[in-house]
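**Q** Please see the structure below; I have some questions.
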Amino acid sequence: MSYVAKRCGVKFSPPAIVLIYEDADTGKMRQRIMPVRNFSKFSDCSRAAERLKNSLRHSPYLEGVSQEQLERLHTVLRDHLLGRPMLDPRPDPGDEDLNKLEDEELARRKAQMDELFEQNRRREEDPDFIYDLEVEFPESDAREPCSWDEDESDDGF
């Protein structure tokens, strides 16, 4: 039997990973709830994700799910156990001052930004890669007046 993973999610009470998948043989959409056992706020998310992915019971269903995605889901579970609020998956860097964050929270935000950068990064192996790309930005006709432009006297120099 083969399964095609469609969506993954987290259930907080009791802690579980929820997988919505399509059974390739019948074409039906199904839901599988995989309980996360012996997981606490001190648990290592990468080990827990690896243990779930390699389990005999759940491994056929999780073939289409990456290890990184399972780690992120376990991180969401751990953060819930620690009482942290869920973060927007794509934080807007202009929203808050990152200098005021705790070290652990800053590391999480930087990891999210690094992940977003790697997703958007263009590599030489990409089919649409252009080596020396020059972009012309359109000139806006509605320029804002500036006080520097008004004073043309060079009296001070």
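**Q** Give the calculated FRET efficiency between K6 and E118 to the nearest 0.05, with a Förster radius of 25 Å applied to their Cβ-Cβ distance. Can you show the working numbers first?
**A** Details: r = 24 Å, r/R0 = 0.95.
For R0 = 25 Å, the calculated efficiency reads 0.55.
**Q** Next question, about the same structure. For the pairs K11/K53; K28/K110; K41/K110, note any where the Cα-Cα span goes beyond 28 Å. Numbers along the way, then the final one.
**A** Details: K11/K53 17 Å; K28/K110 39 Å; K41/K110 21 Å.
From the list (K11/K53; K28/K110; K41/K110), the Cα-Cα distance tops 28 Å for K28/K110.
**Q** Give the long-range amide H neighbours of V10: residues separated by 5 or more places, or on another chain, with amide H under 5 Å away, using H modelled in the peptide plane at 1.01 Å from N.
**A** V18
**Q** A further question follows. So for each of 114-126, 12-24 I average, over its residues, the number of other beta carbons within 10 Å; can you give me the resulting order with the highest mean first?
**A** Details: 114-126: 8.9, 12-24: 15.3.
The most tightly packed comes first, giving 12-24, 114-126.
None of the figures in this text is laboratory data; all of them are computed from the coordinates on show. From a predicted model like this one, the values you see are computed outputs, not experimental measurements. A quick note on method: Cβ atoms are made from the backbone with ideal geometry, for glycine too, and the neighbour counts reach across all protein chains shown.
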